[in-house]
Amino acid sequence: MKTLVASILACASLLTFNAAEAKPIEIKFSHVVAENTPKGQMALKFKELAEAALPGQVEVKVYPNSQLYTDETVLQAMQLGDIEMAAPALSKFQAYTDQLQLFDLPFLFKDIDAVDRFQRGPQGQALLKSMESKMLVGLGFLHNGMKQLSANDPIRVPADISGKKFRIMTSDVLQAQFEAVQAIPLKKPFAEVFTLLQTKAIDGQESPWSNTYASKFFEVQKYVTETNHGILDYMVVTSSEFWYGLPDDVRAKLTVAMNEAIAYGNKVAIEQDAADRQHILDSGKTEIITLTDAERQQWVDAMKPVWNMFIDEIGADLVNAALKANNP
Ligand code: SIN
């Protein structure tokens with residue numbers, strides 16, 4: 001009898017052990033924008049592809065709209081193992097590497113195609129590994145779009161934003177960019193921008209069309225000036241402890257799923273950039289100001305000196321490689 005009970009207990013504990021082993025690997029993916037944005041769509045596509053490639057083995061939980069973390073807290077949470085994936089804007093990595101500040105230099109890239117060429121090249125790919133000493137691994141770059149300025153007054157030339165408060169991401173380059181045109185930059189989390197604009201605590205902000213549309217900034221801003229003065233792109237990141245701790249076959253399948261999800265997100269980015277500009281125009285709530293060449297040149301002349309302030313930290317080789325990508 002004793003032997004029978006012992007066997008039953010042994011079987012039960014084996015079953016419990018197997019059940020525990022079979023528990024899927026949970027990947028929490030936190031981001032700060034809406035689901036109908038390039039990043040929102042990419043994260044959902046990654047969930048779909050990863051779970052299809054590894055049925056029952058992984059579960060991807062996507063948390064949009066800063067539901068779980070803001071970009072100001074997510075990377076620290078990742079280092080602590082509380083979250084597995086995120087895709088902050090490249091402007092949000094300043095505390096982890098100087099090199100990514102490259103992407104904030106005003107008027108560096110002429111368009112998203114140039115950004116793409118640079119990111120696919122050797123210097124761009126090396127940046128994915130630039131934070132490994134901080135336990136963060138880049139899994140890929142994702143596009144959003146070129147940034148435009150929004151405000152409640154018509155902005156045509158740098159003198160028009162002198163003394164006005166603009167929300168910026170947590171980037172010293174962006175701070176210097178706005179100070180170069182005598183505006184007042186305020187570093188604030190994305191989740192606060194709508195309310196800050198609505199209550200007129202700030203005068204304006206800079207974003208690509210998709211964020212200005214999806215987060216309804218256009219509803220509380222009378223003008224968007226099409227400056228294309230900078231870019232907003234992302235890096236999908238994970239913690240090296242999590243990533244290299246995965247079984248090789250799981251990591252390989254997740255890599256394939258991520259590459260495909262990013263390609264999909266980039267396609268959405270290109271389509272939404274044009275579509276969301278049109279949605280804003282069609283709303284009739286916001287006037288879109290296009291600049292003459294002479295007006296745009298004033299912005300270039302005023303903002304480009306910012307490069308010299310950061311070139312040593314970023315590295316002249318990276319800046320030159322980025323410039324080369326403008327003229328393939
Ligand atoms: C995002 O697109 O993830 C947010 C960017 C911002 O903070 O402006």
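Each value in this text was obtained by applying a stated rule to the coordinates, not by laboratory testing. All of these numbers come straight from a predicted model, not from anything done at the bench. As a convention, Cβ positions derive from the backbone with ideal geometry for all residues, glycine included, and neighbour counts pool all protein chains shown.
A cut-off under 11 angstrom between Cβ atoms defines the neighbours of Ile270, and their net charge, with Lys, Arg +1 and Asp, Glu -1, is -4. Between amide H atoms placed 1.01 Å from N, distances below 5 Å from Lys187 occur with Ile168, all of them 5 or more places distant or on a separate chain. Phi angles across the stretch 184-200 convert, under the Karplus curve 6.51 cos²θ - 1.76 cosθ + 1.60 with θ = phi - 60°, into 3J(HN,Hα) values of 10, x, 10, 7, 9, x, 4, 4, 8, 5, 4, 5, 4, 6, 4, 8, 6 Hz, Gly and Pro given as x. Distance between the C-alpha centres of the stretch 231-245 and the stretch 37-111: 7 Å, rounded to the whole angstrom. Taking a straight Cα-Cα cut-off under 23 Å and skipping sequence neighbours fewer than 8 places away in the same chain, the lysines within cross-link reach of Lys45 are Lys23, Lys28, Lys61, Lys253, Lys267. Within the stretch 221-236, which residues have the backbone N less than 15 Å from the label spot 7 Å out from Asp153 along Cα→beta-carbon, could you tell me? What the label zone holds, given the 15 Å backbone N cut-off, is 222-225. How large is log10 I(q)/I(0) at q = 0.14, 0.15, 0.23 Å⁻¹ when the Debye formula is applied to the Cα atoms of the stretch 223-307, each weighted equally and without solvent? These q points yield log10 I(q)/I(0) values of -0.76, -0.81, -1.15. For the chain, the longest principal axis of the C-alpha atoms and the axis of helix 248-283 are separated by about 30°. When a/c reaches 1.5 or more, the comparison of a/b and b/c decides; with that in mind, is the chain rounded, prolate or oblate per its Cα gyration tensor? Prolate, since a/c reaches 1.5 and a/b exceeds b/c.
Backbone amide hydrogens, once placed in the peptide plane, bring Lys61 within less than 5 Å of Ile27, Lys28, Phe29, excluding anything fewer than 5 places away on its chain. Under 5 Å from the amide H of Gly140 lie the amide H atoms of Val236, each residue being 5 or more positions distant or on a separate chain, with H modelled from the backbone and absent for Pro and chain starts. Extending 7 Å from Cα along the Cβ direction at Asp113 and again at Ile270 yields two label points whose distance is 0.9 nm. Please work out the FRET efficiency for the pair Glu26 and Ile288, using the Cβ-Cβ distance as r and a Förster radius of 45 Å; give the result to the nearest 0.05. Approximately 0.55, to the nearest 0.05. For the chain, the longest principal axis of the C-alpha atoms and the axis of helix 38-53 are separated by about 20°.
Would you work out if the stretch 35-91 is rounded, prolate or oblate? Take a ≥ b ≥ c from the square roots of the eigenvalues of the alpha-carbon gyration tensor; rounded if a/c is under 1.5, else prolate when a/b is larger than b/c, oblate otherwise.
Details: a/c = 2.36, a/b = 1.37, b/c = 1.72.
Here the stretch 35-91 falls in the oblate category.
With a Förster radius of 41 Å applied to the C-beta separation of Ala95 and Leu323, the computed FRET efficiency comes to 0.95.
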